[in-house]
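What follows is a set of notes on a single structure, which appears directly below.
The values are calculated or read from the model by the stated rules, or taken from the named source; none is laboratory data. These numbers come from a predicted model, not from an experiment. Cβ coordinates were reconstructed from backbone atoms using ideal geometry, including for glycine residues, and neighbour counts include every protein chain displayed.
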């Protein structure tokens, strides 16, 4: 799934800042893209201003709620699947319906990163009907040299974006785990990122994978 450019840029920045609390908090607080942080019980802990606008709710109210509280009942199995993939792979992307507290529904696309801060998962999202202008202007990172991924590297990143783990990718493509790891390392180097989650976010933003 290709992320909207502003959301993809935000996801790339978040993934690149994992493990750097001060930098991550700055990105979270200053981003024009809606972002939330939730704990292991799916309870909202931190919500930035654009997310409050999207949810149409106050900060004190949202902190009393869990993701499940804003999920239409028939979509809870889908949410459970996203949550499982997030914990297994360290990140997940997808589309999701939010049932706002005021009774309205919000269809969003999202990128979630596990343990962005200790014990907290971060999700950046964009309502499907918001344009990049609505999300605000984000300066994209330089793209020089980022389009020279091999077909195999793109294939592996595409599978990773769909939630496949390294061992599963190796099994599906009849490759050794070491070969898969080497392909990801080369893709990371070409994209100028440190890990697989950041590589997926960057490749999505650049339109190199869907």
Return yes when residue 45 is crowded, with 19+ Cβ neighbours inside 10 Å and over 14 Å from residue 98 (Cα atoms) and no when it is not.
no
Those residues of region 54-76 which are part of a helix (DSSP H, G or I) and over 21 Å from the mean Cα position of the chain (by Cα), in sequence order:
59, 60, 61, 73, 74
Could you tell me whether region 48-63 includes any residue that is surrounded by 14 or more Cβ atoms within 10 Å (Cβ to Cβ), within 24 Å of residue 193 (Cβ to Cβ), modelled with pLDDT under 95 and in contact with a strand residue (DSSP E or B) (Cβ under 6 Å, 6 or more places away or on another chain)?
yes
Within region 9-25, can you find the residues that are in contact with a helix residue (DSSP H, G or I) (Cβ under 8 Å, 6 or more places away or on another chain) and either outside any helix (DSSP H, G or I) or in the same structural domain as residue 194 (by TED's automatic domain parsing) (or both)?
18
